[in-house]
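I have placed the structure first, in the form of C-alpha cells, so that the comments after it can refer back to it.
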Amino acid sequence: MVERDMPNAENHELRLVNRESVTLNTVRHVETFDDEEIVLDTDMGSLTIRGEELHMKQLNLDDGTLNVEGVINSLTYSARRNVKGRGKGFIDRLLR
C-alpha cells in the first residue's frame, strides 16, 4: 500500500463498526444528506457514504467529528473539490 502525503491532512481517521456505525474526524462541511446518502468534505477529499436508514447521530464541525448510524453499503472517496466556488451557481463559476 502506497501512502500519499495529502496537503493539510491531519490524522484523518474513519472507523466502521459492523457496517452499522461510522465515526470519522477532519470533517469540514456536509454537502448533502438523506437516509440513503451523505456527501461531505474531509481533509482527505470528498466522502460519500451510501446505505439505508442513515442517521447523523452526532455532527460537530468545530472539532470536525461525525457519527453516522444505519446500514452502511459503501464509503467512497473522491478528489478534493475546490472550496472556493462553493455556494455559487454553475453559471457564476463558468463566467468568472
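Before moving on, here are some points about what is shown:
- Residue in segment 62-96 that is modelled with the lowest pLDDT, counting only those that are within 15 Å of the chain's Cα centre (by Cα) and of a type in the set (A, V, I, L, M): Val83
Residues checked against (1) out of contact with any Pro (no Cβ under 6 Å at 6 or more places or on another chain); (2) of a type in the set (S, T, N, Q); (3) modelled with pLDDT of 95 or more:
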position	(1), (2), (3)
Glu10	yes, no, no
Glu20	yes, no, yes
Thr23	yes, yes, yes
His29	yes, no, no
Glu36	yes, no, yes
Met44	yes, no, no
Arg50	yes, no, yes
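- Candidates Thr23, Thr32 - the one that is exposed (fewer than 13 other Cβ atoms within 10 Å of the Cβ), assigned to a strand (DSSP E or B) and of a type in the set (Ser, Thr, Tyr): Thr32
- In segment 40-74, of all residues being surrounded by fewer than 17 Cβ atoms within 10 Å (Cβ to Cβ) and among the aliphatic types (A, V, I, L, M), the one that is farthest from Glu13 (Cα to Cα) corresponds to Val71.
The values are calculated or read from the model by the stated rules, or taken from the named source; none is laboratory data. What you see is a predicted model, and the numbers here were worked out from it, not measured in a lab. Quick reminder, even Gly has a Cβ in these numbers, built from the backbone with ideal geometry, and neighbours come from all protein chains shown.
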